[in-house]
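Only one structure is covered here, and it is reproduced in the block below.
The values are calculated or read from the model by the stated rules, or taken from the named source; none is laboratory data. These figures come from a predicted structure and were not determined experimentally. As a convention, Cβ positions derive from the backbone with ideal geometry for all residues, glycine included, and neighbour counts pool all protein chains shown.
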Amino acid sequence: DIHSELVLGDGSLKGLLVAYSFLPYLIIAVQAIFPLTLRESIGMIVLVMGLVAGLETYLGRLLTLKVLAELWLMGLLAGITIWAQMTQLHMLLSLYRQATHDPLTGLYNRRAFMERMKDELSRSRRYRRPMSVLMFDLDRFKRINDNHGHLAGDNILRYFARLLTGTLRGTDLIGRYGGEEFLVLL
């Protein structure tokens, strides 16, 4: 089949070289399925394009129109690849945040807080450093919801979360344990 000979080569050395000429494009395009950071993406792309440019320089063909067009096409493909990677990474980070943070207060949710607390407890034991856990329960909170509505209750919960975040150190863990209950790990 003529199409497979064009892509895979006809078995000759020339056919093999034609097939391998697609490899840099393939390496750049395949990266689009991995949510790499910008630094990792650019590093891989610079490596691939640098190897191609180095080879073409060695062969004395770098400044030919054909090679410059190929490098431009690789650069365009690289831009699309980086866009796809950043989109994936942003989506994954958003999903992680949704899975680990309380949507109302922005604090760690109960599950994520308990996982982090286990890690911190292990670290505290290993380095023989003290650790404290505080639990806050807003008294008569149900009465606020009943008398003033859930919107007022939500505002109080958000206010209390901001109060904790603004008062405590950046290294302290703060989480919403349940309804009107909060945990702080010092």
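Cβ-Cβ contacts under 9 Å between residues 6 or more apart (or on different chains), taken from a first residue in region 55-76 that is surrounded by 15 or more Cβ atoms within 10 Å (Cβ to Cβ) to a second residue that is assigned to a helix (DSSP H, G or I) and among the β-branched types (Val, Ile, Thr), are listed as GLU56/VAL67; VAL67/VAL52; GLU70/VAL52; LEU71/VAL52; MET74/ILE28; MET74/ILE45; MET74/VAL48; MET74/VAL52. One residue stands out in region 36-45 among those that are assigned to a helix (DSSP H, G or I) and in contact with a helix residue (DSSP H, G or I) (Cβ under 9 Å, 6 or more places away or on another chain): the one that is surrounded by the fewest Cβ atoms within 10 Å (Cβ to Cβ), namely LEU38. Against the test of being out of contact with any helix residue (DSSP H, G or I) (no Cβ under 7 Å at 6 or more places or on another chain) and over 27 Å from ALA99 (Cβ atoms), the options ARG143, ARG123, ARG116, ARG111 yield a single qualifying residue, ARG143.
The set of residues in region 120-151 that are surrounded by 12 or more Cβ atoms within 10 Å (Cβ to Cβ) and more than 33 Å from the chain's Cα centre (by Cα) comprises LEU138, PHE141, LYS142, ILE144, ASN145, HIS148.
I'd like to know if region 68-88 contains one or more residues that are outside any helix (DSSP H, G or I) and not hydroxyl-bearing (Ser, Thr, Tyr). No, the conditions are met nowhere in region 68-88. When ASP139, ASP172 are screened for being closer than 25 Å to LEU121 by Cβ and acidic (Asp, Glu), only ASP172 passes.
Scanning region 85-117 for residues that are buried (at least 18 other Cβ atoms within 10 Å of the Cβ) and farther than 30 Å from MET135 by Cα yields one hit, GLN85. The set of residues in region 159-173 being loosely packed, with under 14 Cβ neighbours inside 10 Å, more than 22 Å from LYS118 (Cα to Cα) and of a type outside the set (A, V, I, L, M) consists of TYR159, ARG162, GLY166, THR167.
Of the residues making up region 122-150, just one is farther than 12 Å from PHE182 by Cβ, among the hydrophobic types (A, V, I, L, M, F, W, C) and either touching a strand residue (DSSP E or B) at 6+ places or on another chain (Cβ under 8 Å) or modelled with pLDDT of 95 or more (or both), namely MET131.
The numbered conditions (1) over 31 Å from the mean Cα position of the chain (by Cα); (2) modelled with pLDDT of 95 or more; (3) not polar (S, T, N, Q) are all true for GLY79 except (1).
Restricting attention to region 91-110, does a residue exist that is in a helix (DSSP H, G or I), of a type in the set (D, E, K, R) and over 27 Å from GLN31 (Cβ atoms)? Within region 91-110, one or more residues are in a helix (DSSP H, G or I), of a type in the set (D, E, K, R) and over 27 Å from GLN31 (Cβ atoms). The residues of region 20-35 that are surrounded by 15 or more Cβ atoms within 10 Å (Cβ to Cβ) and either in a helix (DSSP H, G or I) or modelled with pLDDT of 90 or more (or both), listed by number, are PRO24, TYR25, ILE27, ILE28, ALA29, GLN31, ALA32.
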